[in-house]
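**Q** If you scroll down you'll find the structure; I have some questions about it.
The values are calculated or read from the model by the stated rules, or taken from the named source; none is laboratory data. Owing to the predicted nature of the structure, the values given are computational and were not obtained by experimental measurement. Cβ sites come from the backbone with ideal geometry, for glycine too, and all protein chains shown count toward neighbours.
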Amino acid sequence: MSEADAPDFLLTHPLGESHEHRLLEDLRAIAASPASRGVIRLHLSRLQPNNRDKKALLAAETAFDELTRTRSARLYRLRNSDLMVMFEVHESGTIEKCVMKLLRLWGADPLLVKFKLDPHKNRLASWFDLSTEYGKLVEFAQRQVGDEGIVKKSLEELVAEHETHRASRERGQPMTPLGLARAEESLARVDLSSFTRRQPVCAFVEDGKTEVVFTEVFVSIGDLRETLMPGTDFLANPWLFQRLTQTLDKRVMAQIGRRDDRSLLREGFSVNLNVATLLSEEFLEFDENFTQGAGEVVLELRLEDIFSDLPSYIFARDFVHERGYRICLDGLTTNTFYYADTNRLQAGFAKLSWSTDMAAMIGTPRADEFKALIRERRKGRVILARCDSDAAVRVGQQLGITLFQGRYIDSLRRERY
C-alpha cells in the first residue's frame, strides 16, 4: 500500500507530549483534595485502524465539549491517541452519557461487539476513583512523561509531600467554590490599580540598548490574594482559578478602558485574557474604547485554554484580527513550544518561559531543531520571558530569539534611564 493510499489514522497524537505533561501537573495540583475528581481513560488505540481515523478521534473529543467549555472537565490527548478526561465528581452522570454516545458510535468494532454497551463495563473506557486510586494515576502520568528516578509513594505520602511543598511557599488552603464566590464579590469592589504591574517586552538594538516593543499589563495574583483571601491557594484548583481569571479579565479591561495612561495606549500594550473573555459583552465594550491610531494591542492567550476549545478560539481569533489586535501564545515551555505553531494558529507572538534546560540545549541537535522552528515560524516572533540574568538573554540569542522580557531587562532599562 502506498503512502497516499494509507488509511488516515494517527499513530502518535501531535499534542500527546504536552497534554501528558499537563495531566501530571493538574494531578499534582489537586493532591490535597483528589476525591473531588474522577478520571476516565478512553482506549481509542484499541479500536480497529479504520475506526480511529482523524474524524473519529475528533468525534471522541467533541463528545465532552459541554463539560470542557464550562471548565467542569479537562481533556487530555495521549501520544497513542487515547483520551483521558478529568472531571468533577458531580458531573459523573454527564460523563456516562458521553461515553454511551461513543459506545454506540463504535458498537460494531470487535473491541465492543462481544460486550454490553455499559458505560462502566466495556473495554473502551477505564474509570478511576481518585479517592482510592490517586497515587496509581500519578505514577502512570509520571511514566508517560518519562520522569527519572520516580519512587512509588502511597496516596498519603503524595498528599503530605504536596502539603509540605505548598506550606513552604505559604500558599495556604485550596480555594473552594464558596471562596471563589467571595473572591468574585470582592473583585467587584476592590481598586485594582494598586495590584496592576507593567513589564516591557524589548528588543536589543545597537550598543546593547533595549527598545520597547510593547508593555504587558497584568495583575499580581500574589498581592491580590494576600488582600482578598490571605492564606488561600488560588492555584490549587485549576478549574476555580480559571473562573477567577475570567472575572479578573473583565475588571482589568474596564480599568484599561478608562484610558488613564495615555503613553501606554500610544506605545502599545498586551493583556492576558481567556478565550471565553474574547466572546463576552465586556470585550465588546473594551473594544469600543479604542480608536484608530492607538498603539498596538496584543492579547495574550494560554495554549491550554486555546486547545481546550479550538473552534471558539478560531472564531474569536478571526474577530479580533478584524479589529486590529494581535495574538500572543503565552506560558510556553520547551516541551509545549513544539505544538505552539504560530503559523497555523495565526498568532503574532509566542512567549516562551526561560528555564535552565534551554542552556543545556546549546551545542546539541535539539538546539538546531529549536532554531529551525523559530526560523520557520518567523511570522510569529518568539519572546523569551522571565529573563532574570544576562545568561538567559545570551542563550536566547543563540537560539535565534530576538525579544526578551524579565527582571534583567527591567534592570537594564533602569540603568539607562
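**Q** Which condition number in (1) at pLDDT below 80; (2) assigned to a loop (DSSP other than H, G, I, E, B) is the one that N80 fails?
**A** N80 satisfies every listed condition except (1).
**Q** Could you tell me whether L235 is modelled with pLDDT under 80, out of contact with any His (no Cβ under 8 Å at 6 or more places or on another chain), closer than 30 Å to T132 by Cα and surrounded by 13 or more Cβ atoms within 10 Å (Cβ to Cβ)? Talk me through it step by step, then tell me what you get.
**A** Working: modelled with pLDDT under 80: yes; out of contact with any His (no Cβ under 8 Å at 6 or more places or on another chain): yes; closer than 30 Å to T132 by Cα: yes; surrounded by 13 or more Cβ atoms within 10 Å (Cβ to Cβ): yes.
When the stated conditions are applied, L235 passes them.
**Q** Please work out which residue is modelled with the highest pLDDT, limiting yourself to segment 186-197 and to residues that are exposed (fewer than 12 other Cβ atoms within 10 Å of the Cβ) and not hydroxyl-bearing (S, T, Y).
**A** R197
**Q** From E148, E163, E96, which residue is in the same structural domain as L83 (by TED's automatic domain parsing), modelled with pLDDT under 80 and either surrounded by 15 or more Cβ atoms within 10 Å (Cβ to Cβ) or part of a helix (DSSP H, G or I) (or both)?
**A** Only one candidate qualifies: E163.
**Q** Answer yes if at least one residue in segment 350-367 is over 22 Å from V145 (Cβ atoms), in a helix (DSSP H, G or I) and not hydroxyl-bearing (S, T, Y), and no otherwise.
**A** So far as segment 350-367 goes, no, none of its residues is over 22 Å from V145 (Cβ atoms), in a helix (DSSP H, G or I) and not hydroxyl-bearing (S, T, Y).
**Q** Within segment 386-417, can you find the residues that are touching a helix residue (DSSP H, G or I) at 6+ places or on another chain (Cβ under 6 Å) and assigned to a helix (DSSP H, G or I)?
**A** Residue satisfying the conditions is V395 alone.
**Q** So, in segment 229-244, of the ones that are touching a helix residue (DSSP H, G or I) at 6+ places or on another chain (Cβ under 8 Å) and not in a helix (DSSP H, G or I), which residue ends up nearest to E25 (Cα to Cα)?
**A** N237
**Q** If you go through segment 348-359 one residue at a time, do you hit one that is assigned by TED's automatic domain parsing to the domain that holds R326, touching a residue at least 60 places away in the same chain (Cβ under 8 Å) and among the β-branched types (V, I, T)?
**A** Looking for residues that are assigned by TED's automatic domain parsing to the domain that holds R326, touching a residue at least 60 places away in the same chain (Cβ under 8 Å) and among the β-branched types (V, I, T), one finds none in segment 348-359, hence no.
**Q** Only one of these conditions is not met by E369: (1) touching a residue at least 60 places away in the same chain (Cβ under 8 Å); (2) surrounded by fewer than 19 Cβ atoms within 10 Å (Cβ to Cβ). Which number is it?
**A** Among (1) touching a residue at least 60 places away in the same chain (Cβ under 8 Å); (2) surrounded by fewer than 19 Cβ atoms within 10 Å (Cβ to Cβ), the lone unmet condition for E369 is (1).
**Q** What's the number of the condition D388 fails, among (1) of a type outside the set (S, T, N, Q); (2) under 20 Å from the mean Cα position of the chain (by Cα); (3) within 18 Å of F204 (Cβ to Cβ)?
**A** (2)
**Q** Tell me, yes or no, whether segment 20-42 has at least one residue that is more than 23 Å from E133 (Cβ to Cβ), buried (at least 17 other Cβ atoms within 10 Å of the Cβ) and either in the same structural domain as R123 (by TED's automatic domain parsing) or modelled with pLDDT of 85 or more (or both).
**A** The answer is no; no qualifying residue exists.
**Q** Cβ-Cβ below 7 Å, separation at least six or inter-chain, first residue in segment 265-280 and β-branched (V, I, T), second assigned to a strand (DSSP E or B) and surrounded by fewer than 22 Cβ atoms within 10 Å (Cβ to Cβ): which pairs?
**A** Listed by first residue and then by second, the contacts come to V271/V217; V271/E300.
**Q** Continuing with the same structure: Among what's in segment 202-228 and is part of a strand (DSSP E or B) and either at positive phi or of a type in the set (D, E) (or both), pick the residue that is nearest to the chain's Cα centre (by Cα).
**A** Looking at the filtered set, the residue picked out is E216.
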